[in-house]
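Only the coordinates and a few stated rules stand behind these numbers; no lab work does. Keep in mind it's a predicted model, so treat the numbers as computed, not measured. As a convention, Cβ positions derive from the backbone with ideal geometry for all residues, glycine included, and neighbour counts pool all protein chains shown.
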Amino acid sequence: MSGLLTDLYELTMAAGYAAAGRLDDRAVFEFSIRRLPRNRGYVVVAGIEQAAAYLENLCFSAEEIAWLRKLPQFARAPEVYFDWLRDFRFRGDVDAVQEGTVLFAGEPVLTVRAALGEAQIPETALLATVTFQTLVATKAARLVDAAAGRAVVEFGTRRAHTPDAGVLGARAAYIGGCFGTSNALAGYRFRLPVFGTAAHSWMLAFPSEGDAFHALQNLLGPHTVQLVDTYDTLEGVRLAASLGRPLWGIRLDSGDFAELAVAARRILDEAGLKDVRIMVSGDLDEWKIRDLVLAGAPVDSFGVGTELATSGDAPSMGSIYKLVEIESGGRRRPTAKSSQEKKSLPGAKQIFRFPDHDVIGLAEEPCPKGAAPLLHPLLRDGRRVAHPPPLDIVRMACREGVAKLPAPYRAFDQAAVYPVQHSPALQRLTDETLRRRQ
């Protein structure tokens with residue numbers, strides 16, 4: 001994994017540490033959530049596995065180092081810096097929450113303990129990897145909540161910001177509770193259920209809708225989902241019903257879904273196809289799905305693309321990666337920012353989860369009775385300490401975690417703020433650290 005996948009200032013700071021003889025100072029950095037995305041009462045963490053893989057494989061090639069040497073910013077960099085880049089490997093320790101964990105504002109996602117230079121370089125990639133996938137997993141959890149037991153399938157790769165984002169977004173959506181994905185590579189790579197039959201181009205490629213329907217049934221048999229809205233939606237439903245089985249279902253991709261689903265259900269039932277399902281897709285989000293469910297629309301599953309793959313209503317999150325502790329010359333010093341609206345908390349931390357609230361404490365504090373610690377060892381000496389759980393287990397844990405949240409914290413608009421407290425020890429350290437800076 002290329003070490004150049006970072007912001008330039010990570011590299012210039014590392015050069016500065018080299019010049020100051022401080023590359024090997026021991027540092028603790030913390031990835032945490034400063035602010036939740038808009039209209040969110042919680043987030044579902046995803047992307048930890050990709051973060052671990054990135055750290056395990058992080059290095060600089062000879063060609064990359066030669067390119068850096070030519071940049072004017074490194075004209076004064078000492079030779080020891082380029083030697084350090086040549087031998088660079090991440091050899092630190094990382095603790096992190098499990099993927100699928102529900103978190104709230106102010107809580108740490110992962111903690112990096114390593115030599116200062118080693119801990120500095122990964123900031124950009126870690127933030128990008130975990131933030132994006134967490135946004136998608138959280139959006140998926142909201143969509144699944146809105147669907148109230150009906151399946152939600154991820155359809156978003158064609159609207160994702162890159163093909164790679166589509167693959168990782170499909171994985172994150174599955175963690176958040178989606179039933180499967182339309183992305184074939186994600187299905188292969190992560191062993192996810194895959195779904196999809198034909199698009200409007202299939203219908204247009206045949207002389208008639210009937211020819212297209214016949215050909216699809218001949219190919220897919222009981223897995224056939226007929227796309228019925230290329231021409232006249234209800235006529236398309238009648239045609240699909242007249243052809244009969246084998247038929248998994250029909251898909252509505254445009255129009256007034258509430259009305260069309262009722263009419264389509266009637267047509268299918270009258271044809272003796274009561275087991276044939278109705279899937280709806282096309283510009284869906286959690287609010288539209290909720291309204292269809294509340295209206296009693298006979299929809300069996302939802303395909304969601306753009307809004308899910310881009311976390312459309314909340315495409316960013318206030319995640320941060322901050323130095324919280326430094327040890328130099330045998331002296332250990334907690335660090336924190338005190339600037340207005342961008343304050344940070346000193347010291348390596350732990351989240352203690354109680355049934356009805358969370359407490360953020362110092363990592364060395366014993367776990368209080370009745371609580372469970374959320375951050376666990378992920379890497380030691382730069383290598384994984386345990387195999388990740390299967391995604392099905394992660395997905396199930398996510399759904400259980402979300403289901404335990406009372407409704408006000410899962411609201412789609414103006415969600416309540418979950419109670420997150422600071423331990424007395426953390427509060428004392430924070431006060432002491434800020435006083436020293438005054």
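Quick look at the values:
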{"item": "Fraction of alpha-carbon pairs over 27 Å apart in segment 146-309 - percent", "result": "23 percent"}
{"item": "GLU235-LEU5 pseudo-label distance in nm [points 7 Å out on the Cα-to-Cβ vector]", "result": "5.1 nm"}
{"item": "Fully extended contour minus Cα-Cα distance, from ALA295 to HIS376, at 0.36 nm per residue", "result": "24.8 nm"}
{"item": "Sum of -39500 (n - 2.57) over DSSP H runs of 4+, divided by residues of the chain (222 nm, nearest 500)", "result": "-12000 deg cm²/dmol"}
{"item": "Cα-Cα P(r), segment 245-374, percent of pairs per 10 Å interval", "result": "10, 23, 17, 15, 16, 13, 6, 1, 0"}
{"item": "Nitroxide proxy distance, nm - points 7 Å out along Cα→Cβ at ASP283 and ALA199", "result": "1.9 nm"}
{"item": "Amide H contacts of PHE88 (H built 1.01 Å from N, under 5 Å, at least 5 apart or other chain)", "result": "PHE60"}
{"item": "Between segment 342-421 and segment 58-98, the Cα center-to-center distance that results, in Å", "result": "33 Å"}
{"item": "Max mean-square fluctuation residue, GNM over the chain, Cα-Cα springs under 10 Å, options ALA18, ALA146, ALA386", "result": "ALA386"}
{"item": "Rounded to whole Å, sorted largest first: equivalent-ellipsoid semi-axes of the chain, Cα gyration tensor", "result": "48, 26, 16"}
{"item": "Estimated FRET transfer efficiency when R0 is 56 angstrom, pair ARG384-ARG245 (beta carbons, to 0.05)", "result": "0.70"}
{"item": "Stretch gain in nm, segment LEU219-GLU365, where the contour uses 0.36 nm per residue and the Cα spacing is subtracted", "result": "46.4 nm"}
{"item": "MET13 paired with LYS404, simple spin-label distance in nm, labels 7 Å along Cα-to-beta-carbon", "result": "3.4 nm"}
{"item": "Difference of contour (0.36 nm per residue) and Cα-Cα distance, GLN427 to THR306", "result": "39.3 nm"}
{"item": "Nearest-0.05 FRET efficiency for ASP87 and GLN340, computed from C-beta distance (R0 41 Å)", "result": "0.50"}
{"item": "Residue range of the chain that is longest and free of GluC sites (Glu not before Pro) which are both DSSP loop and sparsely packed (at most 10 other C-beta within 10 Å)", "result": "1-340"}
{"item": "DSSP bridge orientation in the chain - percent antiparallel, rounded to nearest 5", "result": "65 percent"}
{"item": "Nearest-20 debye value, the chain charge dipole, Cβ charges on Lys, Arg, Asp, Glu", "result": "1280 debye"}
{"item": "Highest-fluctuation residue, GLY92, GLY244, GLY100 considered, GNM on the chain with Cα pairs under 10 Å", "result": "GLY244"}
{"item": "Cut-off under 5 Å, modelled amide H: who pairs with ALA348 long-range", "result": "ALA363"}
{"item": "Rounded FRET efficiency, nearest 0.05, which uses the C-beta distance separating ARG189 from SER328 and R0 of 35 Å", "result": "0.25"}
{"item": "Long-range HN-HN contacts of VAL324 with modeled amide H, under 5 Å", "result": "VAL28, PHE29, GLU30"}
{"item": "Selected from GLN421, GLN50, GLN73 as most flexible by GNM, with the chain as the system and alpha-carbon contacts under 10 Å", "result": "GLN73"}
